[in-house]
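Q: Once you've had a glance at the structure underneath, I'll fire off some questions.
The values are calculated or read from the model by the stated rules, or taken from the named source; none is laboratory data. Bear in mind the structure is a predicted one, so any value in this text is a computation, not a measurement. When we count neighbours, we look across all protein chains shown, and the Cβ atoms used for this are built from the backbone with ideal geometry, even at glycine. All accessible areas refer to the heavy atoms of the entire protein, side chains included, with ligands and DNA or RNA removed. Shrake-Rupley method; radii C 1.70, N 1.55, O 1.52, S 1.80 Å.
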Amino acid sequence: MKTHSTMSSLHPLSKYTLGLLSVCALATVCTATAQENTSKKANNLQEVIQIFGKKNTLETATGSGFVMDEVALEQFEFDDIHRVLQSVPGVYIREEDGYGLRPNIGLRGATSERSSKIALMEDGVLIAPAPYSAPAAYYFPNLSRMTQLEVFKGPSAISYGPNTVGGAINMQSRAVGKVNTGELDIALGQQEYGKVHGHYSKEIGDLGLMIEGIHLRADGFKSLPNDGNTGFTKNEMLGKVNYAFSDLPYNQQVQVKVGYSEEVSYETYLGLSDEDFAEDPYQRYAASQNDKFDWEHLQLQADHYMELSPDISVLTQVYRRDFNRDWDRLNSFESNRSISSILASPDVGLNSRFLSVLKGEEDSLSDFGETLNFTLNDRTFYSQGIQSKLTWDKTINDAEINTDFGLRVHQDQVERLHRARFFNMQNGELVLAGLADEVILNNKENTTAVAAYVNSKVEYGNLHTSLGVRVESIEGESNDFILNTLDKNTNTVVLPGAGLFYQLSPEIGMLAGVNKGFVPNSPGEASDIKPEESWNYEFGLRANISKWQLEAIGFYNDYSNLKASCTLSSGCTDEIGSEFNGGEVEIYGAELSAKGQFKIDRSLYIPVNIAYTFTQSEFQSSFESSFSQWGNVTAGEELPYLPENQFNLQLGLVGENWRVNLSYKYISKMLEAAGTGTDLDGVSTSALSQVDVAAWYQVTNSLRIYSKLDNLTDEVQIVSRRPFGARPNKPRQFILGAKYSF
C-alpha cells in the first residue's frame, strides 16, 4: 500500500509555490508551442469546459440534462441556488437557512445532505472543499458571477466523478469579454438586503483581462431575544487573464483564474419546537446568540487549450483551492439529553426545564447537566490537482464520432480541530462556565486519487450512442491525533456507462441509458463500511413539437449499498465523519418537463416552463442503525427527505423592453427519518407551496431596472427539523435593483 504522497507533506507555502510553478511551466509550454489561428479564441476555452457543448446538444443527448443560460439566470435574479434549481426536474433540495448559504442538493434520489453525493463543479473543476476526503458543500460560490448552469444526469456522469450515483452540476463563470465592457449591479431590499456587483473586461491585442467583485449581505429574518444579528455578509473578488497565441504552429489559449471569497454568517443549527414554531416561526432561542460561521476561500486555476489538428484538441487544467472555516455554535447540554429529543418532546419529563434554559427563561443549574456545550469547529481544507481531456472528432463514412479521453490526478485534505467551550445561561445571556476548553476532535484525513475515463459518442443517421468507462484508484489516510491511530484504505473501481438516442421522427426521439453509480468511502473508514454503489437506468421520450420542447423520462436506481455519513448538519453529534451501511435500496420515478411560448402579437409573448418529478424509494432489507436519520428500519420503508411530488411552473409576459416573471413551486411533505427509535421517527416536513415574482424594464440600452418579490404570499412552513428543531422557509422579501452596462 502506498504511503502519503510527497505533496501532502509540504508546508502550505511550498504547496502554493508548487502550484505557481505548475502554472508557470504551463505558460512556458504554451509560449514555446502555441500557434496562429485566432478565429476561435473567444469561445473555445469556455465551450470545452461546459458539460454540454455545441457538439453535444440537448436535443440529441443520450442522457437527460438541463442548461440555464445567463438570460434565464437573470429572470428572477436569485442568489439562492435552491431557488434556481427548483425549475429542474430530478433535483431535490432541503432548505436550511433560507438563503442557500450551505446548499443541500440531490439528484435522482441521491441524498441532498450538504450536496455531498453529486459532482459540484465550477468551470469543469470540482469545488467541494475536499471532494474525496470531506465532500460536504460548506462552500458555495456566488451565483451572481455565473453565466451558465448545467445539470447532467445519466450515463455520461462517468466523466465527472468521483460521485456518479446522481449526476453533475457545472457552473460556468463569467468569460473575459471580447471588447472593453463592464456592468455595475446594485440592489437593496427587505431584511436589510444589499448587493453590489461589478465586472469589467479589457482586451489588449491577444491578451484579455477581467476583474469581478461582489458584496452581498442581509440582516436575516429571524430574531433573537437580545436583538443580535442573524444575517450574513459575503464578499468575493475574482480575476481572469487569458491569452490567445497568434504566431505559433497550433491554435492555443491559456487562461489563469484567481479568486478570493469570504463569508461571515450568524447562523445556527438550533431550531424550534413545533409548538414554538406555530407561535412564531422566525424566533431564535437565546442559547444560539453566540453562533457564528465564518470562512475564507482561495482558488487558483490555469487552463490551457490546444488544437493539435482539426480533429484533435486538448484541454488541461491545473487547480488549487484552499478553504478555512470556523463555526462556533451550540452543540449540546452537558447531559445525556439531546437537543433533538428536547425539541421533539418538550413536555416529556424534564425536557420542559431544558427548553426553558434554551430560551433564556431559566438559568442553568450546572449540577444538573444544564451547562451548555458550544463547539468551536475549526476545519482547514485543500483540493488540488491536474486534469486533462483529449477530444477526437472524426467522420468515418457516414458516422460522426466524438471521443473524450480524460485523466485526473487529484489530492485533497481536511484537518479538523473541534473544541468544547462551556457556558451557562444567566438572565438570558450566555456567560462562561469557568471550565477549561476541551479538545473533542483532532484529526487529519487526506486522499490521493487517479481517475481516467474514455467516453465515445457516435452519430449515425438517426441513431446517437454513447459508450464509456471510468476507472478510479483511490488511496485514503486518516490520522486521529487523540487516539493516536493511523488508518489507511485503498479502493479501485470500474464504472461503465452507455446511452442511446434514436430519432423516431423529425419531432420525436427516444433515449435510454445505464451507468454504474459510485460514492467512495471517506479515509480511514472501518473495513465493514462499503462504498455506495448502484446501477442507474433511464428511459424516455424527447420531442420538439411546434417549437415546444417536451421530455418524459423514467429512472430506476438499484443500490447494492446505500451509505450515510455522520455530520453535524444531519443531526448526528457523535462519531463525526463515520459512515453507515444502508444495504440494498431502490429509488425510482419520473421526470416531466415542457418549455415553450404563446405568442400574443408581434412584440408580446408568454414563455412557459413546466417541471414535475415523481419519486418513490424503498429499503430492501431490515436493519438497525445508529445513524440519526435511519434508526431501526424495516424493509419497504421509504428514505427520508425524498418528496413524492415536486412541481414547478414558470410563466412570463414579455414585451419589447420589459418582462414580468412568475414562478410557482410545490414540494410535498418529506419524512424526517426512516424507521423507528430515532427522535424524529414518523415525523414529516410540511408540504410547501411558494410563489416568486420578478420584473425588469430596460430604460436605455445601458440601464435596466429590476425588482423581485420572493415568497409573494408569505407562505411559512416547516422545511426541515435538521439538525436540531423546526426551521422555516424565507418569508416574503422585496428587492429593487438597477444594472448599468458600459
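Q: Provide, for region 492-650, the number of lysine pairs with alpha carbons under 29 Å apart, each pair being eight or more places apart or on different chains.
A: Within region 492-650, the lysine pair count is 5.
Q: If I take every Cα pair under 8 Å that is 6 or more residues apart in the chain, average their sequence separation and divide by the length, what percent do I get for the relative contact order? Write out the running numbers ahead of the final one.
A: Values: 2119 pairs, mean separation 85.4, N = 742.
Taking the mean separation of contacting Cα pairs over the length of the chain, I get 12 percent.
Q: State, as an integer percentage, the relative contact order of region 144-285 based on alpha-carbon contacts under 8 Å between residues 6 or more apart. It would help to have the intermediate numbers written out before the result.
A: Details: 277 pairs, mean separation 22.6, N = 142.
Answer for region 144-285 is 16 percent.
Q: Please report how far the C-alpha centroid of region 460-477 lies from that of region 329-405, rounded to the nearest whole angstrom.
A: 32 Å
Q: Something else now. If each residue of separation counts as 0.36 nm, what is the full-extension length gain between Leu504 and Ser473 once their alpha-carbon separation is subtracted? Before the final figure, lay out each step's value.
A: Numbers: separation 31, 0.36 × 31 = 11.16 nm, distance 4.03 nm.
That pair, Leu504 and Ser473, stretches by 7.1 nm at full extension.
Q: Could you point to the residue in Ile127, Gln190, Gly167 farthest towards the positive end of region 118-197's charge dipole, with +1 and -1 charges on the Cβ of Lys/Arg and Asp/Glu respectively?
A: Of the listed residues, the answer is Gly167.
Q: Could you state the number of Å between the C-alpha centres of region 502-576 and region 250-299?
A: Each part reduced to its Cα centre gives a spacing of 28 Å.
Q: Pulled fully out, how much extra length does the chain show between Val514 and Glu644, if you take 0.36 nm times their separation in residues and subtract their Cα-Cα distance? Don't jump to the answer; show the numbers that get you there.
A: Working: separation 130, 0.36 × 130 = 46.80 nm, distance 2.31 nm.
So the extension gain works out to 44.5 nm.
Q: From the phi angles alone, apply the Karplus equation (6.51, -1.76, 1.60; θ = phi - 60°) to region 210-217 and give each ³J(HN,Hα) in whole Hz, x where the residue is Gly or Pro.
A: Whole-Hz 3J(HN,Hα) from phi for region 210-217: 8, 10, 9, x, 9, 10, 9, 8.
Q: Then there is this: Bins of 10 Å, beginning at zero and ending with the bin holding the largest distance: percent of Cα pairs per bin for the chain, please.
A: Per 10 Å bin, starting at 0, the Cα pair percentages come out as 3, 14, 24, 28, 21, 9, 3, 0, 0.
Q: Return the calculated 222 nm mean residue ellipticity for the chain, to the nearest 500 deg cm²/dmol, obtained by summing -39500 (n - 2.57) across DSSP H runs with n ≥ 4 and dividing by the residue count.
A: -2000 deg cm²/dmol
Q: Rounded, prolate or oblate: which fits region 456-608, taking a ≥ b ≥ c as square roots of the Cα gyration tensor eigenvalues, rounded meaning a/c under 1.5, else prolate when a/b beats b/c?
A: Working: a/c = 3.21, a/b = 2.06, b/c = 1.56.
Prolate, since a/c reaches 1.5 and a/b exceeds b/c.
Q: Net charge near Lys234, counting Lys/Arg +1 and Asp/Glu -1 over other residues with Cβ under 11 Å of its Cβ? Intermediate values should be presented prior to the final figure.
A: Numbers: positive: Lys195, Arg217; negative: Asp79, Glu236, Glu262, Glu263, Asp294.
Combined, the nearby Lys, Arg, Asp and Glu give -3.
Q: With angles folded into 0 to 90 degrees, how steeply does helix 12-33 sit against the dominant principal axis of the chain? Use alpha carbons for both and round to 10.
A: Value to nearest ten degrees: 10.
Q: Sticking with this one: Add +1 for every Lys or Arg and -1 for every Asp or Glu among the other residues with Cβ under 11 Å from the Cβ of Leu358, and state the total. It would help to have the intermediate numbers written out before the result.
A: On the way: positive: Arg284, Arg353, Lys359; negative: Asp276, Glu361, Glu362, Glu370.
Taking every Cβ under 11 Å from that of Leu358, the sum is -1.
Q: Starting from 0.36 nm per residue, how many nanometres of slack lie between Asn442 and Tyr460 once their C-alpha separation is accounted for? Show your work: numbers first, answer last.
A: Values: separation 18, 0.36 × 18 = 6.48 nm, distance 5.69 nm.
0.8 nm is the gain from fully extending Asn442 to Tyr460.
Q: When the accessible area of the chain is split by element with a 1.4 Å probe, what percent falls to carbon and sulfur? Let's see the in-between values first.
A: Numbers: 15900 of 28850 Å².
Exposed carbon and sulfur together represent 55 percent of the surface.
Q: Where does each of Tyr706, Tyr453 land when they are ordered by accessible area, with a 1.4 Å probe and the largest first? Numbers along the way, then the final one.
A: On the way: Tyr706 10, Tyr453 35 Å².
Solvent-accessible surface, decreasing: Tyr453, Tyr706.
Q: Another one. Tell me the Kirkwood radius of region 407-523: reciprocal of the mean inverse pair distance over distinct alpha-carbon atoms, in Å.
A: On the way: mean 1/r = 0.0523 Å⁻¹.
Value: 19.1 Å, from the Cα pair sum.
Q: Restricting to lysine pairs 8 or more places apart or on different chains, what number in region 601-742 have Cα atoms under 22 Å apart?
A: So the count works out to 5.
Q: With unit charges on the beta carbon (Lys/Arg positive, Asp/Glu negative), name the residue among Met670, Gln690, Gln650 whose Cα is farthest towards the positive pole of the charge dipole of region 638-705.
A: Gln650
Q: Distance between Cα centroids, region 162-220 to region 643-690: provide it in whole Å.
A: Between the Cα centres of region 162-220 and region 643-690 lies a distance of 28 Å.
Q: When the dipole is taken about the Cα centre of region 432-521, and only Lys, Arg (+1) and Asp, Glu (-1) are charged at their Cβ, what size is it in debye, to the nearest 20? Show your work: numbers first, answer last.
A: Working: 5 positive and 10 negative charges, 99 e Å.
Result for region 432-521 is approximately 480 debye, rounded to the nearest 20.
Q: So, one more: What do you reckon, how do Ser625, Ser570 stack up by accessible area (1.4 Å probe), largest on top? Display every interim value, and only then the final one.
A: On the way: Ser625 25, Ser570 0 Å².
If we order Ser625, Ser570 from most to least accessible, we get Ser625, Ser570.
Q: Sticking with this structure for a sec: Run the numbers on region 527-604 and let me know its relative contact order in percent, using alpha-carbon pairs under 8 Å that are six or more apart. Walk me through the numbers on the way to the answer.
A: Values: 138 pairs, mean separation 25.0, N = 78.
Computed value for region 527-604: 32 percent relative contact order.
Q: May I pose another question? When you count, for each residue, the other Cβ atoms within 10 Å and take the mean per peptide, how do 591-599, 148-156 rank with the highest first? Each step should come with its number before you reach the end.
A: Numbers: 591-599: 16.3, 148-156: 24.9.
Ranking the peptides 591-599, 148-156 by packing returns 148-156, 591-599.
Q: Return the inverse of the average 1/r over all pairs of distinct C-alpha atoms in region 344-418, which is the Kirkwood hydrodynamic radius, in Å to one decimal.
A: On the way: mean 1/r = 0.0531 Å⁻¹.
Kirkwood radius, region 344-418: 18.8 Å.
Q: Here is a follow-up. Could you work out, for region 356-476, what percent of all Cα-Cα pairs fall into each 5 Å distance bin, beginning at 0 Å and stopping at the bin that holds the largest distance?
A: The distribution over region 356-476 is 2, 9, 12, 10, 8, 8, 7, 6, 6, 6, 6, 6, 5, 4, 3, 1, 0, given as percents.
Q: Something else now. State the Kirkwood hydrodynamic radius of region 555-700 in Å, one decimal place, computed from all pairs of distinct Cα atoms.
A: Details: mean 1/r = 0.0551 Å⁻¹.
Mean inverse Cα-Cα distance, inverted, gives 18.2 Å.
Q: Hey, can you rank 344-357, 75-88 by average C-beta count inside 10 Å, highest first? Each step should come with its number before you reach the end.
A: On the way: 344-357: 16.6, 75-88: 22.5.
Descending packing order for the listed peptides: 75-88, 344-357.
Q: Step through the residues of region 448-457 one at a time and calculate ³J(HN,Hα) from phi using the Karplus curve (6.51 cos²θ - 1.76 cosθ + 1.60, θ = phi - 60°), rounding each to whole Hz and writing x for Gly and Pro.
A: Each residue of region 448-457 in turn: 10, 9, 10, 10, 9, 8, 9, 9, 10, 10 Hz.
Q: Taking K and R as +1 and D and E as -1, what net charge do the other residues with C-beta under 9 Å from the C-beta of Glu618 add up to? Present the calculation step by step, with values, prior to reporting the outcome.
A: On the way: positive: none; negative: Glu586, Glu637, Glu638.
Within the 9 Å Cβ shell, the charges total -3.
Q: Summarise the long-distance tail of P(r) for region 699-742 by giving the % of C-alpha pairs beyond 14 Å. Intermediate results must be reported in sequence, preceding the final value.
A: Numbers: 599 of 946 pairs.
Within region 699-742, distances greater than 14 Å cover 63 percent of Cα pairs.
Q: If you scale each eigenvalue of the Cα gyration tensor by 5 and take the root, what three semi-axes come out for region 101-143, rounded to whole angstrom and sorted largest first? Don't jump to the answer; show the numbers that get you there.
A: Working: eigenvalues 43, 27, 23 Å².
Computed over region 101-143, the values are 15, 12, 11 Å.
Q: A further question on this structure: Charges only on Cβ, +1 for Lys and Arg, -1 for Asp and Glu: so what's the dipole of the chain about the Cα centre, in debye to the nearest 20? Provide the component values of the computation, followed by the final result.
A: Numbers: 62 positive and 95 negative charges, 438 e Å.
Charge dipole, the chain, about its Cα centre: 2100 debye, nearest 20.
Q: Ignoring everything but the protein chains, give the 1.4 Å probe accessible area of Leu486 in square angstrom, nearest 10.
A: Accessible area of Leu486: about 100 Å².
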